Amino acid sequence: MCGIVGVTGKDSAVSILLNGLEKLEYRGYDSAGIYVNDQNGQDYLVKEKGRIDDLRKEVGANVQGSTGIGHTRWATHGEPSVANAHPQVSADGRFYLVHNGVIENFQDLKNDYLSDVEFTSQTDTEVIVQLVDRFVTKEGLDTLAAFRKTLSLLGHSSYGFLLMDKEAPDTLYVAKNKSPLLIGVGDGFNVVCSDSLAMLDQTKDYLELHDGEIVVVKPDEIKITDQQGNAVERDTFHVDIDAAQADKGTYPFYMLKEIDEQPNVMRKLSQVYLNDDGQPVINAELLDALKAADRLYIVAAGTSYHAGLVGARLFESLANVPTEVHVSSEFAYNQPLLSKKPFFIFLTQSGETADSREVLLNVNEQNFPSLTITNVPNSTLSREATYTLLLHAGPEIAVASTKAYTAQIALQAILAKALGEADDQPAAKDFDVKQQLALVANGMQALVDEKATFDKLAKADLLKTPNAFYIGRGLDYAVSLETALKLKEISYVQAEGFASGELKHGTIALIEKDTPVIGIITQQNTAGLTRSNLQEVEARGAKTITIVTDALAKPDDTIILPTVDERMTALLSVVPGQLLAYYTSLNKGLDVDKPRNLAKSVTVE
Ligand code: M6R
């Protein structure tokens with residue numbers, strides 16, 4: 001989604017903005033722009049469709065300044081174009097604005113207040129900058145009052161705004177509702193960003209902003225006020241990420257680096273959440289709240305939802321607690337009948353997914369307890385849930401999520417073990433999660449060491465195909481959904497994950513000569529059935545690939561997974577799917593890390 005950066009009080013503002021935007025590239029965007037002011041009456045607005053590299057070329061050497069704002073745009077209103085790129089500017093050229101979010105009532109505002117203004121873009125954002133200008137020039141308000149008045153008209157819209165006024169060239173006006181925005185605190189300068197990764201080379205100390213707050217940022221001053229205009233005091237928090245962790249080093253793409261990091265993520269989770277005896281170390285208050293629940297509701301989107309499907313099996317089998325899994329965008333507006341004592345678990349790599357946050361807001365209104373499992377400390381969902389557990393996977397930059405998925409499953413296994421133990425469940429007592437995670441880590445290593453095999457398979461079977469199917473039952477079905485998502489999002493192959501028993505009920509009609517069907521077989525009780533389903537598609541011409549645990553393997557199987565507990569196989573069976581997707585995308589010459597139309601952090605509903 002859109003990325004925002006701003007800086008005031010640094011002569012190198014232009015390079016800070018461009019470097020910051022480059023760090024946000026991974027979030028997905030289609031155009032970008034900056035506005036800078038040199039405090040001596042000279043200012044510059046540069047916008048470009050396409051990559052930051054193109055913007056950098058357009059900026060050239062002459063554009064300079066000490067205060068500025070920048071933006072990467074992921075189009076919502078209006079096609080990707082220079083006119084629609086941000087910063088958007090008021091008709092008289094005085095105000096400049098960047099925005100992440102959606103202004104739901106922009107058309108009404110346009111009709112009510114701005115019918116005489118000639119708009120130069122199709123964006124909802126331009127309405128906001130024209131409104132500020134209108135309230136300053138026609139009603140005589142100062143910029144802050146005009147900004148405040150504009151915000152009061154936006155209803156439930158989502159926004160992170162960064163506004164500049166030519167007549168106050170060292171000042172950034174900042175506001176947020178639902179969209180993420182942080183203020184970075186420097187010495188004699190300050191920065192603003194939608195993700196601290198963008199500004200880690202400038203500062204590691206940040207102030208979080210709450211919905212509805214407005215902030216005035218100058219080189220030596222940060223003034224936060226609430227919706228009513230009351231001053232707000234807030235402590236900074238320190239971001240403990242080494243900028244190098246977010247670097248891809250010698251890897252051609254972040255996705256491959258992140259796939260390779262998975263064994264270490266398993267070991268890290270073991271270190272953080274298990275003691276030397278293999279017992280989970282989980283906050284006692286959180287465990288009590290979980291124990292008090294009669295049903296768990298896991299809510300998530302995309303890959304995190306798929307990790308939730310695996311998690312539900314772990315909670316039910318180890319802790320004996322009924323668990324439902326829901327897609328957040330559905331749950332938000334179609335809440336099912338809840339049990340008497342629900343407990344909500346939000347799975348979200350970014351901690352910023354707008355669909356999941358909408359559910360959390362509803363859950364909080366109903367006073368239900370909640371836990372966010374996320375990779376990003378201080379993210380919105382982490383702050384707003386009752387409890388947080390961190391994934392400790394390190395920054396995940398590639399749009400296609402890999403290590404966050406396996407970290408989410410591993411952490412749910414630890415939590416399910418802790419809950420089961422706390423409730424004297426025999427299945428939990430017999431489950432050695434520490435040993436399992438060690439086996440998983442070694443198994444993952446063995447798989448990622450076989451890259452050439454996956455490269456070859458991708459070239460032979462997936463490169464030319466318009467479609468492909470992943471099939472399995474139970475946990476293997478859950479992994480089929482995730483591996484199909486990986487393939488479709490980065491290689492643009494129309495890939496679907498199916499419960500293998502469902503094929504005969506309709507989908508088998510799509511099988512033609514050479515259609516790739518990838519069968520995942522890790523569960524003893526359904527192995528024979530999935531094998532029969534594979535034979536049925538082979539009989540109709542499909543080309544089959546099998547991903548099988550060694551305990552269930554037969555001589556002709558394609559990929560053999562090392563042995564782990566049957567409840568943990570998803571952590572291994574997903575890795576071949578990740579690598580097949582990676583090599584299909586790579587061999588097609590696509591941009592693996594930044595697939596078309598997708599954003600890393602989906603901050604609008
Ligand atoms: O940050 P989240 O885990 O909440 O994100 C949810 C989805 O947007 C995300 O998993 C998406 O499906 C990924 N692109 C999948 O690779």
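The values are calculated or read from the model by the stated rules, or taken from the named source; none is laboratory data. Computed from a prediction, not measured in an experiment: that's the story for all the values here. Counting neighbours? That spans all protein chains shown, and the Cβs are built from the backbone with ideal geometry, glycine included. Ligands, DNA and RNA are excluded from the accessible area calculation, which covers all protein heavy atoms including side chains. Shrake-Rupley method; radii C 1.70, N 1.55, O 1.52, S 1.80 Å.
Assigning unit charges at the beta carbon (Lys, Arg +1; Asp, Glu -1) and nothing else, what dipole magnitude in debye, to the nearest 20, does the chain show about its Cα centre?
On the way: 55 positive and 83 negative charges, 261 e Å.
In total the dipole reaches around 1260 debye.
Accessible surface of Tyr583 in the full protein assembly, 1.4 angstrom probe, to the nearest 10 Å²?
Here the accessible area works out near 20 Å².
Once R0 is set to 60 Å, what does the formula 1/(1 + (r/R0)^6) return for the Cβ-Cβ distance between Thr120 and Asp514, expressed as a FRET efficiency to the nearest 0.05? Before the final figure, lay out the partial values.
Details: r = 51 Å, r/R0 = 0.85.
About 0.70, to the nearest 0.05.
Which percent of the accessible heavy-atom area of segment 378-457 goes to carbon and sulfur, probe 1.4 angstrom? Write out the running numbers ahead of the final one.
Details: 1190 of 2490 Å².
The value for segment 378-457 is 48 percent carbon and sulfur by accessible area.
Give the accessible surface of segment 1-63 per residue, rounded to a whole number of Å², with probe radius 1.4 Å and ligands, DNA and RNA excluded. Show your work: numbers first, answer last.
Working: 2370 Å² over 63 residues.
On a per-residue basis, 38 Å².
Taking only protein heavy atoms into account and a 1.4 Å probe, give the accessible area per residue of segment 194-243 in Å². Could the numbers behind the result be given before it?
On the way: 2540 Å² over 50 residues.
Ligands and nucleic acids excluded, the figure is 51 Å² per residue.
Evaluate the charge dipole of segment 281-328 about its Cα centre and quote only its size in Debye, nearest 20, assuming +1 on the Cβ of each Lys and Arg and -1 on the Cβ of each Asp and Glu.
With Lys and Arg at +1 and Asp and Glu at -1, about 120 debye.
Quick one: pull the percent of accessible area on segment 122-279 belonging to carbon and sulfur, 1.4 Å probe, ligands and nucleic acids left out. Working shown, then result.
On the way: 2810 of 6420 Å².
C and S atoms contribute 44 percent here.
Cα atoms only, segment 62-157: Rg and Dmax in Å?
13.2, 41
Report the full-extension gain for the segment Gln271 to Asp142: residue separation times 0.36 nm, less the Cα-Cα distance, to one decimal in nm. Write out the running numbers ahead of the final one.
Numbers: separation 129, 0.36 × 129 = 46.44 nm, distance 5.45 nm.
Between Gln271 and Asp142, full extension yields an extra 41.0 nm.
Just add up the charged neighbours of Glu450: K/R +1, D/E -1, any other residue whose Cβ is under 13 Å from the Cβ of Glu450.
On the way: positive: Lys451, Lys456; negative: Asp260, Asp449, Asp455.
With Lys, Arg at +1 and Asp, Glu at -1, the net is -1.
Any aspartates and glutamates with Cα under 12 Å of the Lys429 Cα? List them, leaving off those in the same chain fewer than 8 positions away.
Within the straight-line cut-off, Lys429 pairs with Glu421.
In whole Å, what three semi-axes, largest first, describe the equivalent ellipsoid of the chain built from its Cα gyration tensor (square root of 5 times each eigenvalue)?
Values: eigenvalues 401, 147, 96 Å².
Taking √(5λ) for each Cα gyration eigenvalue gives 45, 27, 22 Å.
With a Förster radius of 22 Å, plug the Cβ-Cβ distance of Lys504 and Asn467 into 1/(1 + (r/R0)^6) and report the FRET value to the nearest 0.05.
That gives a FRET efficiency of 0.75.
For the ranges 332-343, 92-103, what's the packing order if you count other beta-carbon atoms within 10 Å of each residue, average per peptide, and put the highest first? Let's see the in-between values first.
Details: 332-343: 13.2, 92-103: 23.2.
In descending order of packing, they fall as 92-103, 332-343.
Excluding Val574 itself, calculate the net charge of residues whose Cβ lies under 9 Å from the Cβ of Val574, where each Lys or Arg counts +1 and each Asp or Glu counts -1.
On the way: positive: Lys486; negative: Glu482.
Local net charge: 0.
Over 30 Å between C-alpha atoms is what I'm after, so list which of Lys10/Lys248; Lys248/Lys543; Lys291/Lys488; Lys47/Lys257; Lys10/Lys57; Lys23/Lys176 land there. Numbers along the way, then the final one.
Values: Lys10/Lys248 28 Å; Lys248/Lys543 35 Å; Lys291/Lys488 39 Å; Lys47/Lys257 32 Å; Lys10/Lys57 21 Å; Lys23/Lys176 21 Å.
Over 30 Å apart, Cα to Cα: Lys248/Lys543; Lys291/Lys488; Lys47/Lys257.
If packing is taken as the average number of other Cβ atoms within 10 Å across a peptide's residues, how do 531-540, 368-377 rank, most packed first?
On the way: 531-540: 16.4, 368-377: 23.6.
Ranked by mean Cβ neighbours within 10 Å, highest first: 368-377, 531-540.
Whole number in Å², please: accessible area per residue of segment 281-412, 1.4 Å probe, ligands, DNA and RNA not counted. Please list the in-between numbers first.
On the way: 4290 Å² over 132 residues.
The answer is 33 Å² per residue.
Roughly speaking, what is the centre-to-centre gap between segment 108-142 and segment 580-605 when only Cα atoms are used, to the nearest Å?
Computed from Cα coordinates, the inter-centre distance equals 37 Å.
Highest first, please rank the peptides 35-42, 269-276 by the mean number of other Cβ atoms sitting within 10 Å of their residues.
Averaged packing, sorted descending, gives the order 35-42, 269-276.
Put a dot 7 Å past each Cα toward the Cβ at Tyr44 and Ser81; how far apart are the dots in nm?
Spacing of the two 7 Å Cα→Cβ label points: 2.6 nm.
Work out how much length Lys459 to Leu361 would gain on full extension: take 0.36 nm times their residue separation and subtract the Cα-Cα distance, in nm to one decimal.
Numbers: separation 98, 0.36 × 98 = 35.28 nm, distance 4.57 nm.
Going from the current span to full extension adds 30.7 nm.
How large a share of the accessible area of segment 1-118, in percent, is made up of carbon and sulfur atoms when the probe is 1.4 Å and the other protein chains stay in place? Don't skip to the answer; put the middle values down first.
Details: 1880 of 4490 Å².
Percent of accessible area from carbon and sulfur atoms in segment 1-118: 42.
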